[in-house]
Amino acid sequence: MVLMRAAGLMIMSMAILLGSTFGAAIGIVNVGQIRKLAAKNNVSGVLVFGDSSVDPGNNNHLATTFKGNFPPYGKDFFRGQPTGRFSNGRLPTDFVAEALGYSEVVPAFLDPNVKPKDLLRAVSFASAASGYDDLTANLTNVLPVWKQLEYLKHYIMRMRRLEGERGTKEMIKNAIFVISMGTNDFLQNYFLEPKRQKQFTVQQYVDYLVTCMIRDVKEMHRIGATRLVVVGVPPLGCMPLVKTVMDSTVCVDKYNMPAHSLNTKIKNSLATLAEELKLKSAFGDVYGAIVDAVNNPKKYGFTETSKGCCGTGTYEYGDTCKGQITCKDHSKYVFWDAVHPTEKMYQIIAANILNTVQSQILG
């Protein structure tokens, strides 16, 4: 029974990530090979930190308005249930965890219905609207990175009861840590609030965010991390919300340039950190994946790259999305709301991350 279920999960993963659209668009993601390499390298699970790109519902349990636990979010999730994920279905880390052979979904650490044993192989501490800059999270009353890391320590204490001291230490050492954030530092903080603009130029703020990222990685390493994936920032200027606010029909350079700069500096700093701390690391290129989908939609089977599926598709996300859905075929859309990608776009992003993990961490 166990073997049949494992085989079924493998087939499902390959169908999700190797279907004709994705196979033709992004190349083959060999799930079987990835799982063999994960086993060979004793990969113990996936631990996730970040913002709404990887928050499966932690914000449901916070006193914040930044939640996605209502329709139409979750429309294409299992049983059509909204979970707090800001998409119509699963997130990139859900697909990554499944491809590695652990779980079809990554549970939220703050979910009171999740049992400790369900968190053994995959868990997310991420909080929608968070960022590298602690001020970003404070503006919206969500979890800053330091608090996410505090919850990691609570998680480790729970795991000790199940796995013992030695087993838990090995589990943390062999887990793949994933960090995905940065969008809100610009959209909800720097370009919206005056405080950071008075302190930093755009490029100075980019440097500040990199400093914050380095601080966080060093703390993760101190706790026990040895394998790390940092997912880059998407092309902010291609989001429907930004294009609407800037009254543009094309991607806006003013927002894309700092995102691209941050990605470049994070990638370079990550390589230096990996050498300094003896980490196995990888950089997940979300920016390139979305830009390619926007510029070459037919390649991926998309027809709409400028609007989301929610309301007018031009500015709605979060609360303003509640109960509204206008598109008929979600698979044709890059964006689900005016900020967040569809599940299909997240599948493409997950495939990029998996290929990078295979070559740079597991290879």
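Every read-out reported here was derived from the displayed coordinates using simple, explicitly stated rules and does not represent laboratory data. Fair warning: this is a prediction, and the values are worked out from it, not measured in the lab. Cβ: placed from backbone, ideal geometry, glycine included. Neighbour counts: every protein chain shown.
Modelling each spin label as a point 7 Å along the Cα-to-Cβ direction, I'd like the GLN81/GLN33 distance in nm, to one decimal.
Here the answer is 3.6 nm between the modelled labels.
Where in the stretch 218-244 does the amide nitrogen come within less than 13 Å of the point 7 Å from the Cα of LYS254, taken along Cα to Cβ?
Correct set: 237, 242-244.
If you take the beta carbon distance between ASN42 and PHE200 as r and set R0 to 45 Å, what does 1/(1 + (r/R0)^6) give as a FRET efficiency, to the nearest 0.05? The partial results should precede the final answer.
Numbers: r = 42 Å, r/R0 = 0.94.
Efficiency at R0 = 45 Å is approximately 0.60.
Report the per residue volume, in Å³, of the convex hull enclosing the C-alpha atoms of the stretch 291-363. The partial results should precede the final answer.
Values: hull volume 7.1 nm³, N = 73.
Once divided by residue count, the hull of the stretch 291-363 is 97 Å³.
Could you pull the Rg and Dmax for the stretch 187-246, using just the Cα atoms, both in Å?
Every Cα atom of the stretch 187-246 included, Rg and Dmax give 14.9, 44 Å.
Under 18 Å from a point placed 7 Å out from the Cα of LYS173 along the Cα-to-Cβ direction: which residues of the stretch 268-288 have their backbone N that close?
277-281
Please compute, for the alpha-carbon atoms of the stretch 41-362, the extent along each of the three principal axes and give them in descending order in Å.
The Cα atoms of the stretch 41-362 stretch 56, 46, 39 Å along the principal axes, largest first.
Structure shown: which of LYS153/LYS280; LYS198/LYS322; LYS280/LYS332; LYS195/LYS344; LYS169/LYS267; LYS67/LYS218 lie over 32 Å apart, alpha-carbon to alpha-carbon? Could you put the intermediate results ahead of the total?
Working: LYS153/LYS280 22 Å; LYS198/LYS322 35 Å; LYS280/LYS332 36 Å; LYS195/LYS344 37 Å; LYS169/LYS267 28 Å; LYS67/LYS218 30 Å.
Check vs 32 Å cut-off fails for LYS198/LYS322; LYS280/LYS332; LYS195/LYS344.
State whether the stretch 160-224 is rounded, prolate or oblate according to the following rule on the C-alpha gyration tensor (a ≥ b ≥ c being the square roots of its eigenvalues): a/c under 1.5 gives rounded; otherwise a/b larger than b/c gives prolate, and the remaining case gives oblate.
Working: a/c = 4.08, a/b = 3.12, b/c = 1.31.
It comes out prolate by the Cα gyration axes.
Distance between Cα centroids, the stretch 271-302 to the stretch 180-214: provide it in whole Å.
One Cα centre to the other: 21 Å.
Could you pull the Cα extents of the stretch 217-343 along its three principal axes, largest to smallest, in whole Å?
That works out to 49, 29, 28 Å along the principal axes.
With Rg and the Kirkwood Rh both taken from Cα atoms, where does Rg over Rh land for the stretch 23-124? Please report the intermediate quantities before stating the final value.
On the way: Rg = 14.6 Å, Rh = 14.5 Å.
With Rg and the Kirkwood Rh in hand, the quotient comes to 1.00.
Divide by every residue of the chain the summed helix terms, -39500 (n - 2.57) for each DSSP H run of at least 4, and state the resulting mean residue ellipticity at 222 nm, rounded to the nearest 500 deg cm²/dmol.
On the way: 13 runs with 168 residues, N = 363.
Computed ellipticity for the chain at 222 nm equals -14500 deg cm²/dmol.
Share of antiparallel DSSP beta bridges in the chain, in percent to the nearest 5?
Details: 1 of 20 bridges.
Antiparallel: roughly 5 percent of the beta bridges in the chain.
Kindly point out which whole DSSP H helices in the chain project their C-alpha atoms 18 angstrom or further along the helix axis while averaging a Kyte-Doolittle hydropathy of 1.6 or above.
Values: long enough: 2-18 (23 Å, 2.10); 145-174 (26 Å, -1.08); 202-223 (32 Å, -0.05); 253-277 (34 Å, -0.59); 343-357 (20 Å, 0.47).
In the chain, the long hydrophobic H runs are 2-18.
Under a cut-off of 16 Å between alpha-carbon atoms, report the aspartates and glutamates in cross-link reach of LYS36, not counting same-chain residues fewer than 8 places apart.
GLU98
How long are the semi-axes of the ellipsoid equivalent to the stretch 137-250, from square roots of 5 times the Cα gyration tensor eigenvalues, in whole Å, largest first? Walk me through the intermediate numbers first.
Values: eigenvalues 239, 44, 35 Å².
Computed over the stretch 137-250, the values are 35, 15, 13 Å.
So what's the convex hull volume per residue for the Cα atoms of the stretch 208-285, in Å³?
On the way: hull volume 6.9 nm³, N = 78.
Normalising the Cα hull of the stretch 208-285 by residue number yields 89 Å³.
Report P(r) for the stretch 27-70: all Cα-Cα distances, bin width 5 Å, range 0 to the bin holding the largest distance, values in whole percent.
That works out to 5, 17, 17, 12, 13, 13, 11, 10, 2, in percent per bin.
Remind me, relative contact order of the chain in percent, using alpha carbon pairs under 8 angstrom and six or more residues apart? Could the numbers behind the result be given before it?
Working: 710 pairs, mean separation 68.8, N = 363.
RCO, the chain: 19 percent.
Which of ARG227, ARG79 has the fewest other C-beta atoms within 10 Å, and how do the rest follow up to the most?
Values: ARG227 23, ARG79 5.
By the 10 Å Cβ count, ascending, the order reads ARG79, ARG227.
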